[in-house]
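Every number in this text was worked out from the coordinates using simple rules, so none of it is lab data. Not measured: the values here are computed from a predicted model. Virtual Cβ from ideal backbone geometry, glycine too; neighbours counted across all protein chains shown.
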Amino acid sequence: MSEASAAVVPLYARDEGSGPTVVLLHGVGGDHTVWNAVAPELARQFRVISVDLRGHGRSTAPASATYAFADLERDLLVLLEAKGAGPVHLVGLSAGAQLALRLALDEPDRVRSLTMVGGAAYTDGHARSVGERWAETYAREGPDALAVRLLKDLYYPDWIEAHMDFADHVREEIPGHDFGSAVRWAREVASFDERKRIATLRPPALIVQAMDDQVIDPSHGRILRQSIPGSRIRIFAQAGHMLPIEKPAETAQAIAEFVHEVEGRPAA
């Protein structure tokens, strides 16, 4: 692992269930609650650790904190050591999937398996332009316009129409949200590129991709599948970037079946 540049930030994590350990990582601007509908299902069969990464959710970070992937990796390794978690089944969403990939490449003995949900081996121009559009919308039009933009980009339109209470909640929460940590991590994500190393990945890998993802082009699912030897892929139709929220039961089932396969025992 490349050398981290700052002190370790203590991480908040929800720890539930028992059995093989599954670690859930959110993306930029999120927190452990994006897994709220997935974690309880997994906790019926596994020990589930849902993490708030530095500067996100309940994991407060000093203003001087940096957000290089090496810093995030070190925080996570310290957390897992403190919790006595041996090789873990690592699951990441979006930029959390990129962090999970980095950790699996840098510390393969610490990772039992890797599941990337809406992830990519590198950040392409499309993903960067989406992030730039969010920043521009916030700067020019304010928080409510950003909330509307996020709802359009992150979720499948039919799902939002069927969950207007959720959309209203997002629009209420955005104005009070501090995006400082998200912006700093997003800058690191913009230059993420592991294409040169991805074929050397050792832990078993599952790629979970939505066909209607407007943030990470769905072609990245195929790229990951073709680049990671022996990897599996699950593709969901009529779903956007936030699969753990839009399709929690299906996402939990895909993760559970894969973990059971890796562990060498039948799924419940």
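What the table below lists for this structure:
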| item | result |
| --- | --- |
| One residue from Ser227, Ser191 being hydroxyl-bearing (Ser, Thr, Tyr), touching a residue at least 24 places away in the same chain (Cβ under 8 Å), within 15 Å of Ala121 (Cβ to Cβ) and touching a helix residue (DSSP H, G or I) at 6+ places or on another chain (Cβ under 6 Å) | Ser227 |
| Qualifying residue in the stretch 233-241 (condition: in a strand (DSSP E or B), of a type in the set (A, V, I, L, M, F, W, C) and under 30 Å from Val9 (Cα atoms)) | no |
| Meets criteria (touching a helix residue (DSSP H, G or I) at 6+ places or on another chain (Cβ under 7 Å) and either among the acidic types (Asp, Glu) or under 23 Å from Arg110 (Cα atoms) (or both)) for Ile255 | yes |
| Single residue of Pro40, Pro108 found to be surrounded by fewer than 18 Cβ atoms within 10 Å (Cβ to Cβ) and either in contact with an Asp or Glu (Cβ under 7 Å, 6 or more places away or on another chain) or over 22 Å from Pro204 (Cα atoms) (or both) | Pro40 |
| All helices (runs of 4 or more DSSP H) inside the stretch 148-231 with 3 or more residues being buried (at least 18 other Cβ atoms within 10 Å of the Cβ) | 180-189, 219-227 |
| Exclusive hit being touching a residue at least 40 places away in the same chain (Cβ under 8 Å) and among the hydrophobic types (A, V, I, L, M, F, W, C), set Leu150, Leu146, Leu93 | Leu93 |
| Selection count, the stretch 106-128, where residues are closer than 23 Å to Thr251 by Cβ and either in contact with a strand residue (DSSP E or B) (Cβ under 6 Å, 6 or more places away or on another chain) or not in a helix (DSSP H, G or I) (or both) | 12 |
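Results for (1) under 16 Å from the mean Cα position of the chain (by Cα); (2) farther than 26 Å from Arg47 by Cβ, shown as yes or no for each residue.
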residue: Arg222; (1), (2): no, yes
residue: Ser227; (1), (2): no, yes
residue: His241; (1), (2): yes, yes
residue: Phe258; (1), (2): no, no
